[in-house]
Amino acid sequence: MRVNTLKRAAVAFALALPGAAVATAVAAPPAHADGCYTWPRTLTQGRSGTDVRELQIRVAGWAGYGDIVHIDGQYGPETAAAVKRFQAAYGLRVDGIAGPQTYAKIYALQDDDCTPKHFSYAELDNGCGKGGWSGGPLSSSATRTNALRTMWKLEALRRSLGDKPLYVTSGFRSVACNRQVGGAAGSQHLYGDAADLTSRSRTLCEVARSARDQGFSGIFGPGYPDHGDHVHVDSRRENKQDGLANTTDWSAADCGVN
């Protein structure tokens, strides 16, 4: 776990101030020296812009059963619902408004490179041994952007499982790496959209079942060929570059995930 002690302490102090919960819906966010991104305003339905898009990336894992959060910069009912689930998951006031307390929790969760505190770029770049983000069908920067969204979904999945560690056994793969490990020709691993997971505290079926609520449109686990020792999750429904239908595909028959 990577922890910025001073940042976490400052956030904890801010949350303890009297009246903080009341200020959520009405006040502008306080100035914050966050190394990744600082939200300049409170966001509600009807807002749009880069700040909405940045928020959507971080709440994409709270989409709800079978749903996804579109990263489009438009704060509509879909985003508000995800914000509510995020707020509920972390014991905040549940109002669907992204204000000081919601931002404070995000600041506490993210590191200076914008990754969530329990996952890192190094973990997602390990298909054949941390070779960088090149060699796939997309540019390195586009692949890395997809990996960031994947990590925030994994952070939500981890939280839904009681904040117990999840281990990424395979993340991004270059075309050569994917061929080496026998991956499917159109594998979502090629795009930074996928992760293979194990857990030492939760069953694979618990992981697969929970992933249905965390914005993953591809889930394969026990009961699916060659997935008896891990759970594969991906964001295929959001992938516009693979030339495949943007559909949901779940298969972990031993877990009741179909």
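The values are calculated or read from the model by the stated rules, or taken from the named source; none is laboratory data. What you are looking at is a predicted structure, and each value in this text was computed from that prediction instead of being measured. No Cβ is skipped: glycine too gets one built from the backbone with ideal geometry, and neighbour counts run over all protein chains shown. Just so you know, the surface numbers come from the protein's heavy atoms only, side chains and all, with ligands and any DNA or RNA stripped out. Shrake-Rupley method; radii C 1.70, N 1.55, O 1.52, S 1.80 Å.
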Which residue pairs have Cβ atoms closer than 6 Å, lie 6 or more positions apart in sequence or on different chains, and pair a first residue in the stretch 98-113 that is under 17 Å from residue 79 (Cα atoms) with a second residue that is open to solvent by less than 10 Å² (accessible area, probe 1.4 Å) and aliphatic (A, V, I, L, M)? 98/43; 98/55; 98/83
Answer yes if at least one residue in the stretch 64-75 is hydroxyl-bearing (Ser, Thr, Tyr), out of contact with any helix residue (DSSP H, G or I) (no Cβ under 9 Å at 6 or more places or on another chain) and either within 18 Å of residue 239 (Cβ to Cβ) or open to solvent by 20 Å² or more (accessible area, probe 1.4 Å) (or both), and no otherwise. yes
Residue satisfying all of: in the stretch 41-61; touching an Asp or Glu at 6+ places or on another chain (Cβ under 8 Å) and open to solvent by 10 Å² or more (accessible area, probe 1.4 Å); farthest from residue 148 (Cα to Cα) among these: 41
Test residue 229 against the stated conditions and say whether it is open to solvent by 70 Å² or more (accessible area, probe 1.4 Å), at pLDDT 95 or above and over 24 Å from residue 142 (Cα atoms). yes
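Conditions tested, residue by residue: (1) of a type in the set (Gly, Ala, Ser); (2) out of contact with any strand residue (DSSP E or B) (no Cβ under 7 Å at 6 or more places or on another chain); (3) in a loop (DSSP other than H, G, I, E, B); (4) open to solvent by 10 Å² or more (accessible area, probe 1.4 Å).
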position	(1), (2), (3), (4)
126	no, no, yes, yes
131	yes, yes, yes, yes
149	no, yes, no, yes
164	no, yes, yes, yes
202	no, yes, yes, yes
222	no, no, yes, yes
225	no, yes, yes, yes
Exactly one condition in (1) among the small types (Gly, Ala, Ser); (2) open to solvent by 50 Å² or more (accessible area, probe 1.4 Å); (3) part of a helix (DSSP H, G or I) is false for residue 91; which is it? (3)
Here are some residues: 104, 122, 82. Which one is in a helix (DSSP H, G or I), surrounded by fewer than 17 Cβ atoms within 10 Å (Cβ to Cβ) and at negative phi? 122
Restricting attention to the stretch 166-200, and to residues there that are outside any loop (DSSP other than H, G, I, E, B), open to solvent by less than 30 Å² (accessible area, probe 1.4 Å) and polar (S, T, N, Q), which single residue is nearest to residue 138 (Cα to Cα)? 188
The stretch 148-165 residues that are closer than 19 Å to residue 65 by Cβ, paired with ones that are of a type in the set (D, E, K, R) and assigned to a helix (DSSP H, G or I) (beta carbon under 6 Å, 6 or more apart): 152/58
Please go through the stretch 133-147 and give me each residue that is of a type in the set (Ser, Thr, Tyr) and open to solvent by less than 50 Å² (accessible area, probe 1.4 Å), ordered by number. 143
Name the residues in the stretch 233-250 that are buried (at least 18 other Cβ atoms within 10 Å of the Cβ) and either touching a Gly at 6+ places or on another chain (Cβ under 7 Å) or in a loop (DSSP other than H, G, I, E, B) (or both), would you? 233, 234, 235, 236, 239
